[in-house]
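**Q** Please find one structure pasted underneath; my questions will follow.
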Amino acid sequence: MAKPVKTNVLRHLDAAKIPYETREYDVSDENYDGKLVAAKVGLPAEMIYKTLVLTGDKTKYLVCVIPVEMELDLKAVARATGNKSVAMLPQKELLPLTGYLRGGCSPIGMKKAFPTFLQEDAQLLERISVSAGVRGCQVILSVDALTACTGAQFAALCRE
């Protein structure tokens, strides 16, 4: 498959010589539901992860990467990240802070590196899919590559 227009994510991976694959999908319906994305790109939903940006009382900004089928547990995130409390970053602050729009936020290639946490279940996977930095494109890479290029730590972040 032809590679899409180079995003910050793909430039970052190319510069680090990290192998990856991309899958593009139609976003004209503006539905960014992860399960629908999985169906559109032909991957099992458990491989598709979403990127969420939060604020903490001790860590100003942090990034959580979790399976699209799971829900973030703010108390678990606070415990895992050394904060007393955390909250979702207001959507209007996402683009100026990260360089990414909702539906296209990736843990790779943000404007600035933030502490990143990956749902511990990802350790059971060989490969993972995250946004390629634009709506309508996923990047698939090894879990090891994702943790290496983001500095992500594994943690329990989701509700059971």
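**Q** Looking at segment 144-160, which of the residues that are closer than 20 Å to N8 by Cα and touching a residue at least 24 places away in the same chain (Cβ under 8 Å) is most open to solvent (accessible area, probe 1.4 Å)?
**A** It comes out as A148.
**Q** Also, quick follow-up: Of everything in segment 118-133, what is in a loop (DSSP other than H, G, I, E, B) and open to solvent by less than 10 Å² (accessible area, probe 1.4 Å)? Give them in sequence order.
**A** Scanning segment 118-133 gives a single hit, A132.
For every residue, the table says whether it meets (1) open to solvent by less than 30 Å² (accessible area, probe 1.4 Å); (2) over 18 Å from L118 (Cα atoms); (3) polar (S, T, N, Q); (4) free of Cβ contacts under 8 Å to residues at least 12 places away in the same chain.
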| residue | (1), (2), (3), (4) |
| --- | --- |
| V41 | yes, yes, no, no |
| A45 | yes, no, no, no |
| T51 | yes, no, yes, no |
| T55 | no, no, yes, no |
| G82 | no, no, no, no |
| V86 | yes, no, no, no |
| P90 | no, yes, no, yes |
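**Q** Would you check which residues across segment 107-152 are hydroxyl-bearing (S, T, Y) and farther than 25 Å from R79 by Cβ and list them?
**A** Within segment 107-152, S129, S131, S142 qualify.
**Q** Does at least one position in segment 134-143 carry a residue that is among the basic types (K, R), under 13 Å from the mean Cα position of the chain (by Cα) and either farther than 21 Å from S28 by Cβ or not in a helix (DSSP H, G or I) (or both)?
**A** Yes; the residues of segment 134-143 include at least one that is among the basic types (K, R), under 13 Å from the mean Cα position of the chain (by Cα) and either farther than 21 Å from S28 by Cβ or not in a helix (DSSP H, G or I) (or both).
**Q** Can you tell me how many residues in segment 22-67 are under 23 Å from T150 (Cβ atoms) and among the polar types (S, T, N, Q)?
**A** 4
**Q** Kindly provide the set of residues from segment 15-48 that are in contact with a Gly (Cβ under 8 Å, 6 or more places away or on another chain) and under 14 Å from A132 (Cβ atoms), ordered by number.
**A** R23, E24, Y25, V27, Y32, I48
**Q** Quick test of your reading of the structure: V63 fulfils all but one of (1) assigned to a loop (DSSP other than H, G, I, E, B); (2) more than 26 Å from D29 (Cβ to Cβ). Name the failing condition by number.
**A** (1)
**Q** Still on this structure, please answer the following. Is at least one residue of segment 105-117 under 23 Å from A148 (Cα atoms) and part of a strand (DSSP E or B)?
**A** First, pick out the residues of segment 105-117 that are under 23 Å from A148 (Cα atoms): 105-117.
Then drop every residue that is not part of a strand (DSSP E or B), which leaves 116-117.
So far as segment 105-117 goes, yes, one or more of its residues are under 23 Å from A148 (Cα atoms) and part of a strand (DSSP E or B).
**Q** Please work out which one of (1) more than 22 Å from G109 (Cβ to Cβ); (2) in a strand (DSSP E or B); (3) open to solvent by less than 40 Å² (accessible area, probe 1.4 Å) is the condition A76 fails and give its number.
**A** Tallying (1) more than 22 Å from G109 (Cβ to Cβ); (2) in a strand (DSSP E or B); (3) open to solvent by less than 40 Å² (accessible area, probe 1.4 Å), A76 fails exactly one: (2).
**Q** Applying the selection to segment 92-114, what residues are open to solvent by 60 Å² or more (accessible area, probe 1.4 Å), free of Cβ contacts under 8 Å to residues at least 60 places away in the same chain and over 17 Å from K6 (Cα atoms)?
**A** Matches in segment 92-114: K92, E93, L95, P96, K112, A113.
**Q** Quick check on segment 106-117. Is at least one of its residues farther than 16 Å from I18 by Cβ and in contact with a Cys (Cβ under 6 Å, 6 or more places away or on another chain)?
**A** Yes; the residues of segment 106-117 include at least one that is farther than 16 Å from I18 by Cβ and in contact with a Cys (Cβ under 6 Å, 6 or more places away or on another chain).
The values are calculated or read from the model by the stated rules, or taken from the named source; none is laboratory data. Quick caveat: nothing in here was measured; it's all calculated off a predicted structure. Here the Cβ is made from the backbone with ideal geometry for all residues, glycine too, and neighbour counts use every protein chain on show. The protein model used for the area step is the full one, side chains on, heavy atoms only, and it has no ligands, DNA or RNA in it. Shrake-Rupley method; radii C 1.70, N 1.55, O 1.52, S 1.80 Å.
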